[in-house]
Amino acid sequence: ETGVTQTPRHLVMGMTNKKSLKCEQHLGHNAMYWYKQSAKKPLELMFVYNFKEQTENNSVPSRFSPECPNSSHLFLHLHTLQPEDSALYLCASSQLRGGNAEAFFGQGTRLTVV
Amino acid sequence: DQQVKQNSPSLSVQEGRISILNCDYTNSMFDYFLWYKKYPAEGPTFLISISSIKDKNEDGRFTVFLNKSAKHLSLHIVPSQPGDSAVYFCAASATSGTYKYIFGTGTRLKVLA
C-alpha cells in the first residue's frame, strides 16, 4: 500500500464511450501526475499538477482531459479513445518542498479500448 | 528524444551474487535520480534515490552510484535474492522548473535460485 489509490483497476471501453479514471492520495502531497505505460516503452509523463494547478501537458491528445479538484484527488476523463490508447495508466504523487522528493505510484488502471 | 536510457532490457543473475543495473542520461539539468521496482500489473515502487551532490547512496542491500561527468548511474543489489526479480526503472528529475520525473525503459532482472 503506497498511499495512492487508483480506481478502477481494469477498464474496457468502446471508442465512443466516455469514462473517467480516479486517483486519490492519502500522503498529504501537493503534486500529482498521470503517466502512461505502453508495452516496451518507458513510462510516459502525461500531466503534472502542482497545488491543483496544471503545470505540464506533455503534448497529450485532447481526448484525454485531466481534472484536479484538490490536492488529494486527480481524475483523467476519457472520450473517443483509440485502440492504441490501450495501456496501463499510472497516477503518482510527491511532496514539493524545494528539494528532492520521490514520487509514489498507485497500482494503475489497465485500460483496453475496443 | 530519450533523455533517460537503460540499454540492457534484461539481466539474469545467480542468487547470492551481485546485480548491477545501469542507466544513462543526457540532460545535464537533472539533479535527482531514483530507482523503482515494478512487478507486472502493479505500479512502480520506490527503492532508492540519490542527489547530484552525492556520488553514492546505500540502503541495505541496495546501493546507487552516480557518475555526473559520465552522466551515468547504477544500482547494485547484493546479495541478489529471487524476490528481487522484477523490472527496474531508472528515473531522473530537475529541481528547477516543472517538477517531473523522466523514466527509462526499464531492465528486467531475473534472479536464479
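The values are calculated or read from the model by the stated rules, or taken from the named source; none is laboratory data. Note that the coordinates shown come from a computational prediction; the quantities given were computed from them, not determined experimentally. Cβ atoms come from the backbone with ideal geometry, glycine included; neighbour counts cover every protein chain shown. We work out accessible area using only protein heavy atoms, side chains counted, and drop any ligands, DNA or RNA first. Shrake-Rupley method; radii C 1.70, N 1.55, O 1.52, S 1.80 Å.
Step by step: first the residues of the stretch B:66-94, then only those that are β-branched (Val, Ile, Thr) and open to solvent by less than 50 Å² (accessible area, probe 1.4 Å), then the one that is nearest to the other protein chains (Cβ to nearest Cβ). Which residue is that? My answer is B:87.
Taking the listed residues A:86, A:38, A:94, the one that is closer than 27 Å to residue B:7 by Cα, surrounded by 14 or more Cβ atoms within 10 Å (Cβ to Cβ) and touching a residue at least 12 places away in the same chain (Cβ under 8 Å) is A:86, with no other qualifying. Condition check for residue A:10 on (1) open to solvent by 40 Å² or more (accessible area, probe 1.4 Å); (2) within 11 Å of another protein chain (Cβ to nearest Cβ); (3) closer than 20 Å to residue B:102 by Cα: one failure, at (3). For the stretch B:9-29, a tally of residues being out of contact with any Lys or Arg (no Cβ under 8 Å at 6 or more places or on another chain) and within 14 Å of another protein chain (Cβ to nearest Cβ) returns 2. Apart from one condition, residue B:24 fits all of (1) touching a residue at least 12 places away in the same chain (Cβ under 8 Å); (2) open to solvent by less than 10 Å² (accessible area, probe 1.4 Å); the exception is (2). For residue B:63, state whether it is outside any strand (DSSP E or B) and either touching a residue at least 60 places away in the same chain (Cβ under 8 Å) or more than 14 Å from chain A (Cβ to nearest Cβ) (or both). Judged against the criteria, residue B:63 is not a match.
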